[in-house]
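*Asks:* I am attaching a structure below and will ask some questions about it afterwards.
The values are calculated or read from the model by the stated rules, or taken from the named source; none is laboratory data. Source: prediction; values computed, not measured. Backbone-built Cβ (ideal geometry, glycine too); neighbour counts: all protein chains shown. Just the protein is used for accessible areas: all its heavy atoms, side chains included, with ligands, DNA and RNA removed. Shrake-Rupley method; radii C 1.70, N 1.55, O 1.52, S 1.80 Å.
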Amino acid sequence: MFVDGREEVIEWDKEVKQLAKRLMRLLSEGLGLSRNRLLQMSCIERRLMVGQYYPHCPEPNKTVGITAHTDLETLTILLQDQCGGLQVNCHGKWIDVKPVHGALVISIGDTLQMICNDEYKSGEHRVFANCLSEPRVSVAVFFDPGISGIEYGPLPELVSQEKPALYQQVKFSDVLNKGLDTGLEGEGKYTINYFRL
Ligand SMILES: O=C(O)CCC(=O)C(=O)O
Ligand SMILES: [Fe+2]
C-alpha cells in the first residue's frame, strides 16, 4: 500500500525548522553569547530530511544498522519509532537511547562542536541491526550551513589564552568532503580530529 505523506512531511519540515531555531538560540545563550549569535552565522541555513528504514535482520549479531559515527553537521533532530536500537557513547560506555513516545533526539554535530571550541560535543552514536520482526523507522533532519564559502571554526568570544582555539577555520563543504571520504569506516571522531589544531 502506498501512503502519500507529502503534507505531513511538509508540516514536519516546518515544525522542525522552528524547533531548530529555538534550540540554536538556547545553545547560543548556553555559551554566554547573545541569543541570535549562532543563527546570525547561518549555521542552520540548509537542512536534509532522511527517512531510514531498518528491516528485520535474521542475523543481527553479524552486522550493524549504522556503525559508530558523529554527525558532521551543526544540529540533528531525530524522530525514532518504538523499536529502539540507537546507542550513544557516553564516556566510553554505550548507552541505549530508549524510545520515549513523543520525544525527539537532539544531537550536536561536528561543525557546531568546532564553532563552540568543544564547549558542546558531538555525540558518537550507532544503531544496532534490527532483531525485531517489524522494521525500524527513523526520520532525521540534519541542519548545516550549506555550501556558502563561509568559514567556520572556534568563535573569537570562546577563545582565550586559557582556552586556545582547538580547530582550524573551515568551510562546511570541506567538513562534508572529509566525512564523505572517510565514510563510516573511520574512527567515530575521525572527521573532526582531522581539523584539530
Ligand atoms: O536511525 C537512527 O536512529 C540514527 C541515524 C543516524 O545516526 C544518522 O543517520 O546519522
Ligand atoms: Fe547519526
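*Asks:* Being in contact with a strand residue (DSSP E or B) (Cβ under 6 Å, 6 or more places away or on another chain), open to solvent by less than 40 Å² (accessible area, probe 1.4 Å), modelled with pLDDT of 95 or more and of a type outside the set (A, V, I, L, M, F, W, C): is that true of GLY188 here? Lay out the reasoning, then the answer.
*Replies:* Details: in contact with a strand residue (DSSP E or B) (Cβ under 6 Å, 6 or more places away or on another chain): yes; open to solvent by less than 40 Å² (accessible area, probe 1.4 Å): yes; modelled with pLDDT of 95 or more: no; of a type outside the set (A, V, I, L, M, F, W, C): yes.
The answer is no for GLY188.
*Asks:* Can you give me the number of residues within the stretch 157-173 that are open to solvent by 50 Å² or more (accessible area, probe 1.4 Å) and within 14 Å of LEU112 (Cα to Cα)?
*Replies:* Adding up the residues that qualify gives 4.
*Asks:* If you take the residues of the stretch 100-118 that are more than 16 Å from ligand 2 (Cβ to nearest atom) and surrounded by fewer than 18 Cβ atoms within 10 Å (Cβ to Cβ), which of them is nearest to VAL170 (Cα to Cα)?
*Replies:* Here is the first cut: in the stretch 100-118, the residues more than 16 Å from ligand 2 (Cβ to nearest atom) are 100-103, 114-118.
Next, from what is left, pick out any that are surrounded by fewer than 18 Cβ atoms within 10 Å (Cβ to Cβ): 100-103, 118.
Working: VAL100: 36, HIS101: 38, GLY102: 36, ALA103: 33, ASP118: 15 Å.
If we take residues in the stretch 100-118 being more than 16 Å from ligand 2 (Cβ to nearest atom) and surrounded by fewer than 18 Cβ atoms within 10 Å (Cβ to Cβ), then ASP118 is nearest to VAL170 (Cα to Cα).
*Asks:* Condition check: under 20 Å from LEU176 (Cβ atoms), open to solvent by less than 30 Å² (accessible area, probe 1.4 Å), in a strand (DSSP E or B) and at pLDDT below 95. Does ALA140 satisfy that?
*Replies:* Values: under 20 Å from LEU176 (Cβ atoms): yes; open to solvent by less than 30 Å² (accessible area, probe 1.4 Å): yes; in a strand (DSSP E or B): yes; at pLDDT below 95: no.
So ALA140 fails the test.
*Asks:* Still on this structure, please answer the following. Do we have any residue at all in the stretch 58-81 that's within 16 Å of ligand 1 (Cβ to nearest atom), part of a loop (DSSP other than H, G, I, E, B), surrounded by 15 or more Cβ atoms within 10 Å (Cβ to Cβ) and at positive phi?
*Replies:* Step one: filter the stretch 58-81 for residues within 16 Å of ligand 1 (Cβ to nearest atom), giving 60, 63-81.
Remaining after also requiring part of a loop (DSSP other than H, G, I, E, B): 63, 70-74, 81.
If we keep only those that are surrounded by 15 or more Cβ atoms within 10 Å (Cβ to Cβ) as well, we get 70-74, 81.
Cutting the leftovers down to at positive phi gives us none.
Scanning the stretch 58-81, I find no residue that is within 16 Å of ligand 1 (Cβ to nearest atom), part of a loop (DSSP other than H, G, I, E, B), surrounded by 15 or more Cβ atoms within 10 Å (Cβ to Cβ) and at positive phi, so the answer is no.
*Asks:* To continue, here is another question. Any residue that is in contact (Cβ under 8 Å) with a residue 24 or more places away in the chain, open to solvent by less than 80 Å² (accessible area, probe 1.4 Å) and within 10 Å of ligand 1 (Cβ to nearest atom) - is there at least one of those in the stretch 28-45?
*Replies:* Scanning the stretch 28-45 turns up no residue that is in contact (Cβ under 8 Å) with a residue 24 or more places away in the chain, open to solvent by less than 80 Å² (accessible area, probe 1.4 Å) and within 10 Å of ligand 1 (Cβ to nearest atom).
*Asks:* So, one more: Working only within the stretch 106-137, note down all residues that are aromatic (Phe, Trp, Tyr) and modelled with pLDDT of 95 or more. Reasoning before the result, please.
*Replies:* First, pick out the residues of the stretch 106-137 that are aromatic (Phe, Trp, Tyr): 120, 128.
Answer for the stretch 106-137, where residues must be aromatic (Phe, Trp, Tyr) and modelled with pLDDT of 95 or more: just TYR120.
*Asks:* Criterion first (within 30 Å of LYS14 (Cα to Cα), open to solvent by less than 80 Å² (accessible area, probe 1.4 Å), in contact (Cβ under 8 Å) with a residue 60 or more places away in the chain and in contact with a Leu (Cβ under 8 Å, 6 or more places away or on another chain)) does VAL97 satisfy it?
*Replies:* On the way: within 30 Å of LYS14 (Cα to Cα): yes; open to solvent by less than 80 Å² (accessible area, probe 1.4 Å): yes; in contact (Cβ under 8 Å) with a residue 60 or more places away in the chain: no; in contact with a Leu (Cβ under 8 Å, 6 or more places away or on another chain): yes.
Judged against the criteria, VAL97 is not a match.
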